[in-house]
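The values are calculated or read from the model by the stated rules, or taken from the named source; none is laboratory data. Predicted model, so just to flag it, every value in this text is computed and none were measured. FYI the Cβ positions are ideal-geometry reconstructions off the backbone, even for glycines, and counts take in every protein chain you see. For accessibility, only protein heavy atoms count, side chains too; no ligands or nucleic acids. Shrake-Rupley method; radii C 1.70, N 1.55, O 1.52, S 1.80 Å.
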Amino acid sequence: MAPKAQKSPKGQRKGKKKTKQQSLVSEEEEPMNMESMGHPEIYPLVLTAKTQEIFNCRIDEDMTDEQTYKLIKKEDILADLQNRAAVSDFHPVKKIVLEYPGEELLLVYDKDFKYGLNFYLIGTEEGKENFLKAPEIPEEQEDLKEHVPEDVYIYKPPVSKPWISLGSEKEIEEESVQESKKRVTYMISRKRSQFGAPVTFRDQNASSVKDAYIECTSYPDKSYTLTQVEKDIGLQVIAEVKDTSTQTRWAFPRNATTQYYPREFSEEEKNVLVESKSLAEFFSTVSTSVEIALQQNEIMNTFTDDWRSLAEEESTFGDKTDTHLKEYQSFTDLHNTMEKMITCVSWHPTIYGLIVVSVAVRLSYEERVQNSSRLLLQPSLILFWSFSDPIHPQLMLESPDDIFCFEFCPSDPNIIAGGCINGQIILWDITAHAERIENIKTGGSRSKKATLKPMFLLEPDSNKEIMYVRHCAVSSIENGHRKVITDIHWLPDSFEINRMGSVFENRSGINCQLITCSADCTICFWDIRPQKPTVTSAATATTTSTTNTNPQQPPAEKKKEESIEIPFDVPSTFLHLDLSWKPLSRIKLSKGETSLDHCPTKLSLGEDPALCKIQGTSSIHVLLRDKMLSQMKLLKAAEINPYQNLEGGMANMLKPIEDFRTKFFVGTEEGEVIYTDWKMERDSETGRLMAKKPVNLYTVHDGAVHTVQRSPFFNDIILTVGGWNVAIWKEEVLTGPLLQTCCAPKRYTAGHWSLTRPGVFYIGREDGYVDIWDLLEKTHEPAQSQSICITMITYIKPWTFSSKQQFIAIADYYGTLHILEIPWTLSHPSTNEVSSVNYYFEREVKHLEYVQQRKEIREEEKKAMAMEMIKKKAAILSPAPGKSKPHRDLLALKREHHGMILRNGVMRQNLKQKSPSAHAGKRAKGRNWLFLSLPVCPCLLAPGVLELCDRVLARGCG
């Protein structure tokens, strides 16, 4: 092969320069545009982040969905081309920029990459003006465009055409079967006389009759053979399809009425119809089917949705993990609850996600006395917690001493009443802070809880100073309770009582009276209304200053009294009660013969307003709650406070309520459950008002009673928790509890009914466990137990957030409030759970009645057996004729058979002391025979029998 000619290096360099010049000219001459898409003035570009920063057209900052274009000066683009040359992103459109007649070019952000790149440049003035001055479509035309229908499809029926043969009929003829041989013809004949003859069939043995059967065996016939032809045939069977359509004629609707009279048969027609055979046949035909249908309707409901019922039943039997309480949130005040325990918990009645707790120092009475000076410096508070902030309390209520119980007023949730450890009652009015706590953002779901931030990232609103609220009234310490108040309740707004305990109607329609119980063995009723006509504070001050004529009082004290003013942050709602509030009436639960009294710890009235209006979930409870909320909104809109201008109760002008149940349940410190009456009666000897004796007293619990609560579903069912067991009672059933549990492994400290399931209640223990009882599942032990904390549980309070979410608040001895979410199985009742639980209670009542009847029958049987035995003894020990004194003794024995009871142990002891010996005489044998006859009924024997037997045997009576 001939060698290739080598080019000179100079020629190579010249060739390279030529190729570079040609490529530059091609790039400059052919910029990419959208002429193929009908937009020759648009030139797509790719602008890097550096170029976007130079020309201030950064994506998502300068160029957004609202601002999609930017005018760039031609000079800036040429300067960029000069500085960065071919590196510039505008180099592909350099020629367009140079030839552009205007001073500013339009750069547009192509978010959707309509033209392939992220930006495009408009290279003509006309295109720029068309883009910037796009015609605005009026709103009317836009609405018309929305209502313009799309292309309407018009149906065109098919047109029949003549059939054109393409050779398919030949294939059909070839595939069809055609007869190739002649058919065989058979002729069968019979005599004419045999036509129409009767035919009889009978069974017979074919082998016993000659020519009864002929066996036709198969054999190969060579003259007649068949050849099998295989064919592939496909068949498709379809129904005959027919298209039909109809159109109803539309008419203009109009209202029309008509009136007609029923057509009635005459008496003759009625008689004819009744006696007709067709009617009787009709009744006989349909009577059976009608009876079967009626029986089926009685047996079951034919309109029941079986699928829905099946789904409900499945929902009640979930997995085991679905039955456990789930930790939702916990609240601990690190600054104010050190060495304090939670004594009472209550959810706010109208604001969801707001919970209120009271705290007290964890000290005994002796320790309180020793550390009294230190305790005076520590504030006694009631804390308002919100789901939105688990660290900072939203509000704090101050009190003179530790609060052990409190309750919201059902008529106005801004009014709160609490009981102190020193026996005083405190009243707070938080109306001025109601708007602040209502605006708190509460989190009611998991998604909202996930948005909570750490303390250092909280918003400024949550880091502001906590609001302290002072009490507006406190009861008189001299005339109130002497010891700690253990329970407090508002009386319902439907009635009020007087000093005698008589019930009258409440015309004001708001809750004005309280009931409290204390460890000083008293139960007090309180009225927040002034007992005398109210006067202003200034008038009161002037009156006291003018009427005080005591010469011993120094003038300095007078000036001090006149200078007392109400702090500006304390409302004057209950100013007339401050330091002068006395109980309306006082009840002592006497133990009867002794001078001691019962010490009440908890009580439950016949109608609990908080239970009815706030906690219940039935339709009646929901209506009452909605009514309460609507009343609160109306009062807030009208800016009216019903407790601002209270008038004193006038029992002499009110109408008494007859047949009102004034009995209530009380739990004591000794574990007793008392059913008593609050009505007072006058002592016949002294004439003083005294409390009635308790109707019934039961010693069921082996420790102090911590809970006495009525069921939200059955107002006559009461739950009591105390000591190591739990009891359920029914009002007016005086024989005993319906259910009494066995001793628990640890002492019970708190309890509460479920708000949505009538057969479920929660019990807290001193080891931090919660026992969940389900009466429909087990009645002898808890359905399950769950550990909540490591210390004693002090209070339990459930709450319904919505129909799908429920919470339960559990407080412990260390001051931590645990919020747990109740699972589906414990919050949603089954279909007939209310009726099932009610049937269980009725069955237990019948069982108690049966046991009581059996006790009475056994007592009567024992008395009858004792009478019969005495008669037998009298007959055996009857004296001989002439000896009248033993006879008189035996008659006295008959008269004294109802006197005393001799125990079996006494008889056995006498039998051992005076047992017969081998050398004993007739008298010892008689005594032994007498005692051997006693085991028939060794429990009952009248007094004097042994002495009489000794006298009879001493005289020689056999």
Query raised in the report: Got a number for the accessible area of Arg682? Probe 1.4 Å, square angstrom, nearest 10.
Result: 150 Å²
Report summary line: In the stretch 202-253, taking the dipole from +1 charges on Lys and Arg beta carbons and -1 charges on Asp and Glu beta carbons about the Cα centre, the listed residue (Gln247, Tyr219, Ile233) farthest towards the positive end is Gln247
Requested in this report: Pull out the extension gain between Thr332 and Ser289, defined as 0.36 nm times the separation in residues minus the alpha carbon to alpha carbon distance; nm, one decimal.
Outcome: 8.3 nm
Query raised in the report: Too long at a 21 Å Cα-Cα cut-off: which of Lys483/Lys591; Lys602/Lys679; Lys591/Lys730; Lys483/Lys693; Lys50/Lys94?
Result: Lys591/Lys730; Lys483/Lys693
Report summary line: For Ala704, other-chain or 5+-apart residues with amide H closer than 5 Å (H placed, Pro excluded) are Gly723
Report summary line: The farthest towards the positive end of the charge dipole of the stretch 731-843, of the residues Gly815, Ser803, Ser830, given +1 on Cβ of Lys and Arg and -1 on Cβ of Asp and Glu, is Gly815
Query raised in the report: Using the beta-carbon distance between Arg436 and Glu777 and R0 = 60 Å, what value does 1/(1 + (r/R0)^6) give for FRET efficiency, to the nearest 0.05?
Result: 0.85
**Report entry** Debye, to nearest 20: dipole size of the stretch 86-136, +1 on Lys, Arg Cβ, -1 on Asp, Glu Cβ
**Finding:** 220 debye
Report summary line: Per the C-alpha gyration tensor (a ≥ b ≥ c, the square roots of its eigenvalues), the stretch 158-289 is rounded if a/c is under 1.5, else prolate if a/b beats b/c, else oblate; here it's oblate
Query raised in the report: For Phe660 and Tyr261 in one chain, what is 0.36 nm times their gap in residues minus the Cα-Cα distance, to one decimal in nm?
Result: 138.2 nm
Requested in this report: Could you sort 276-283, 597-604 so that the peptide with the highest average Cβ count within 10 Å comes first and the rest follow in order?
Outcome: 597-604, 276-283
Report summary line: Whole-Å distance linking the alpha carbon centroid of the stretch 69-129 with that of the stretch 380-396 is 62 Å
Report task. For the stretch 686-747, build the charge dipole from Cβ charges (+1 Lys, Arg; -1 Asp, Glu) around the Cα centre, then report which of Pro694, Phe714, Ala727 sits farthest towards its positive end. Result -> Pro694
Report task. Taking 7 Å along the Cα-to-C-beta vector as the label spot, tell me the Val159-Asn371 distance in nanometres, rounded to one decimal. Result -> 10.7 nm
Query raised in the report: Quick one: Cα centre-to-centre distance for the stretch 251-283 and the stretch 812-869, in angstrom?
Result: 60 Å
Requested in this report: Sort Phe113, Phe201 by accessible area with a 1.4 Å probe, largest first.
Outcome: Phe201, Phe113
Query raised in the report: Counting only the heavy atoms of the protein chains, how much of Trp678 is accessible to a 1.4 Å probe, in Å² to the nearest 10?
Result: 10 Å²
**Report entry** Modelled FRET efficiency - R0 30 Å, Gln194 with Thr225, Cβ distances, 0.05 increments
**Finding:** 0.15
